[in-house]
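Asker: Please read through the structure below; I'll follow up with questions.
The values are calculated or read from the model by the stated rules, or taken from the named source; none is laboratory data. Note that the structure is a prediction, hence the values are computed from the model and not measured. Don't worry about glycine lacking a Cβ; one is built from the backbone with ideal geometry, like all the others, and counts go over all protein chains shown. With ligands, DNA and RNA removed, areas are computed over all heavy atoms of the protein, side chains included. Shrake-Rupley method; radii C 1.70, N 1.55, O 1.52, S 1.80 Å.
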Amino acid sequence: MKFVKSLFAVAVATISLTQTAHTFEERVVALVNDIPVMQSQVKRVLGKKKVTEASHRAAVDQVIDDMLIQQAMKEANVKVSPAAVDQAVENVAIQNGITYGQLLDALDYQGITLEQFKRNIANQMAMEQVRHFSIGQSIQVSPQQVQSLAKELMAKDKAAGKLKTVTGKEHRVSHILLKTNPILNDAQAKAKLNSLIADINSGKITFEEAAKINSVDYASGADGGDLGFNFLEIYDPAFTKVASRMKTNQISAPFQSQFGWHILKVTDIRDGDRTEDAYHQRAYQQLVNKQAEEASKDWVKALRKTANIQYVGQ
């Protein structure tokens, strides 16, 4: 009986040790965008290397980087066509001054099949796409950064006597806005605006009076629909497109924007000072270029910049 109990104790101990080892093997060592990095993945990277705190952390980081690359490939929806790979293989031969047949011979000599070579090329092409995607995603320029650098650039050019005034066309636009609701659908809103155009053209009512009575853009409606002088790009794209084509005091046909249904007329056009806008654009471009240059030096680091990485138990 004692012998049986001893065997049972050994069995339990063995199971416990196995479970403990298994638990250790599969414990979570980090989270990458809420996806766990397991100790078993880290162990595979370590291989036969001596396990130290530094080597373990390096292995964890390698697994994290690999996961980020895979996530970026999925997010970027990277696809490399067989035709693009074939062309790339031909380009390799051309760049090395050899024929396609000679390239195949060279691969065969190195023990590499054409399919293996194509897979390597496809992986490189995919990684390059991910690289561009990750760099683009990592670029984050705030309005405050742009404004600060723009002021600095303007002050520098002004002090050097290099400040140049940039002008552009400002349009003074008036409009009437209608929004659909349970008792006014798209067709009815358009019909009502067409009716207002007919009344304005016949002299029954002025555009300004129609705006005060009908426009649901209440701020401008109180001023007869007047939006004041502005550069057109500040408006909704549909609004900008229509306004840019209008002659002064010509009333547009009804059109729809993200805000509702409009009619508009351009009442005046003048040259406006766009110097600050030009410097803001210059500052923005400089900031973007600088971040892109830094990110391109280590694009995997750029992936880390936008990732949520948590080390567990460290």
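Asker: Among all helices in the chain defined by DSSP H, which have a length of 18 Å or more along the axis from Cα atoms plus a Kyte-Doolittle mean of at least 0.0? Intermediate results must be reported in sequence, preceding the final value.
Answerer: Working: long enough: 2-25 (34 Å, 0.75); 53-75 (33 Å, -0.36); 82-95 (20 Å, 0.37); 114-138 (36 Å, -0.64); 143-159 (24 Å, -0.74); 186-202 (24 Å, -0.18); 275-297 (34 Å, -1.56).
Span-like helices in the chain: 2-25, 82-95.
Asker: Net charge around V146, counting only other residues with Cβ within less than 13 Å of its Cβ (Lys, Arg = +1; Asp, Glu = -1)?
Answerer: Details: positive: K151, R282, K290; negative: E152, E276, D277.
Counting the neighbours of V146, the net charge comes to 0.
Asker: In segment 242-312, if the dipole is taken from +1 on Lys/Arg beta carbons and -1 on Asp/Glu beta carbons about the Cα centre, which of Q286, N249, T306 is farthest to the positive end?
Answerer: Final value for the positive-end residue is T306.
Asker: On to the next question. As I understand it, the dipole of the chain uses +1 on the Cβ of Lys and Arg and -1 on the Cβ of Asp and Glu, about the Cα centre. Which of V266, V166, H132 lies farthest toward its positive end?
Answerer: Result: H132.
Asker: Can you find, among I64, V80, L104, the residue farthest towards the positive end of the dipole of segment 44-107? Put +1 on the C-beta of Lys and Arg, -1 on that of Asp and Glu.
Answerer: Result: I64.
Asker: Can you tell me the FRET efficiency between V45 and K79 if r is taken as the Cβ-Cβ distance and R0 is 30 Å, rounded to the nearest 0.05? Display every interim value, and only then the final one.
Answerer: Numbers: r = 28 Å, r/R0 = 0.93.
Efficiency, from the Cβ-Cβ distance: 0.60.
Asker: Moving on to the next point. Please give the solvent-accessible surface of F207 in Å², to the nearest 10, using a probe radius of 1.4 Å with every protein chain present.
Answerer: 0
Asker: Could you provide, to the nearest whole Å², the per residue accessible area of the chain with probe 1.4 Å? Before the final figure, lay out the partial values.
Answerer: Values: 20220 Å² over 314 residues.
That works out to 64 Å² for each residue.
Asker: Further question on the same structure: For the chain, what D do you get in µm² per second when you plug the Kirkwood radius from alpha-carbon pairs into Stokes-Einstein at 10 °C and 1.306 mPa s?
Answerer: 58
Asker: What area, in nm² and to one decimal, does the C-alpha convex hull of segment 113-158 cast on average over all directions?
Answerer: Numbers: hull surface 18.9 nm².
If you wrap the Cα atoms of segment 113-158 in a convex hull and average its projections, you get 4.7 nm².
Asker: Which pairs break 21 Å Cα to Cα here: K43/K74; K192/K212; K162/K290; K79/K118? Please list the in-between numbers first.
Answerer: Details: K43/K74 25 Å; K192/K212 15 Å; K162/K290 23 Å; K79/K118 14 Å.
Where the Cα-Cα span goes over 21 Å, the pairs concerned are K43/K74; K162/K290.
Asker: Considering only protein heavy atoms, what is the solvent-accessible area of Y100 at a probe of 1.4 Å, reported in Å² to the nearest 10?
Answerer: The accessible area of Y100 comes to roughly 90 Å².
Asker: While we're looking at this one, here's another question. How far is it, in nm, from the label point at A292 to the one at E128 when both lie 7 Å from their Cα along the line to the Cβ?
Answerer: The modelled label-to-label distance comes out at 1.7 nm.
Asker: Evaluated at 4 °C with a viscosity of 1.567 mPa s, what Stokes-Einstein diffusion coefficient in µm²/s does segment 34-164 have when Rh comes from the Kirkwood expression over alpha-carbon pairs?
Answerer: Values: Rh = 19.7 Å.
Reported coefficient: 66 µm²/s.
Asker: Tell me which aspartates and glutamates have Cα within less than 17 Å of K247's Cα, excluding those fewer than 8 residues away on the same chain?
Answerer: Counting by Cα, and skipping residues close in sequence, K247 has these aspartates and glutamates nearby: E170, D226, D268, D271.
Asker: While we're here: For the chain, give the percent of accessible area contributed by carbon and sulfur heavy atoms, probe 1.4 Å, rounded to a whole number. All intermediate terms of the calculation are to be shown ahead of the outcome.
Answerer: On the way: 10860 of 20220 Å².
Ligands and nucleic acids excluded, carbon and sulfur give 54 percent.
Asker: Using a Debye calculation, one point per C-alpha and no hydration shell, please list log10 I(q)/I(0) for segment 127-220 at q = 0.13, 0.16, 0.24, 0.26 Å⁻¹ in order.
Answerer: For the requested q values the scattering log ratios are -0.76, -0.79, -1.24, -1.28.
Asker: Over 16 Å apart: what share of the alpha carbon pairs of segment 163-211 falls there, rounded to a whole percent?
Answerer: Values: 662 of 1176 pairs.
Tail of the P(r) past 16 Å holds 56 percent of the pairs.
Asker: In debye, nearest 20, what is the charge dipole magnitude of segment 129-243 about its Cα centre with +1 on Lys and Arg Cβ and -1 on Asp and Glu Cβ, if you could check?
Answerer: Values: 14 positive and 12 negative charges, 108 e Å.
Charge dipole of segment 129-243: 520 debye, to the nearest 20.
Asker: Next up: For K247 paired with E26, estimate the spin-label separation in nm (one decimal), with each label point 7 Å from Cα along the Cα-to-Cβ line.
Answerer: Calculated label separation equals 7.9 nm.
Asker: Assuming a ≥ b ≥ c are the square roots of the Cα gyration tensor eigenvalues, decide whether segment 39-106 counts as rounded (a/c under 1.5), prolate (otherwise, with a/b larger than b/c) or oblate.
Answerer: Details: a/c = 4.31, a/b = 1.97, b/c = 2.19.
It is oblate, given that a/c is not under 1.5 and a/b is not larger than b/c.
Asker: For the chain, give the magnitude of the charge dipole about the Cα centre (Cβ charges: +1 Lys/Arg, -1 Asp/Glu; no others), in debye to the nearest 20.
Answerer: Values: 38 positive and 34 negative charges, 150 e Å.
It works out to roughly 720 debye.
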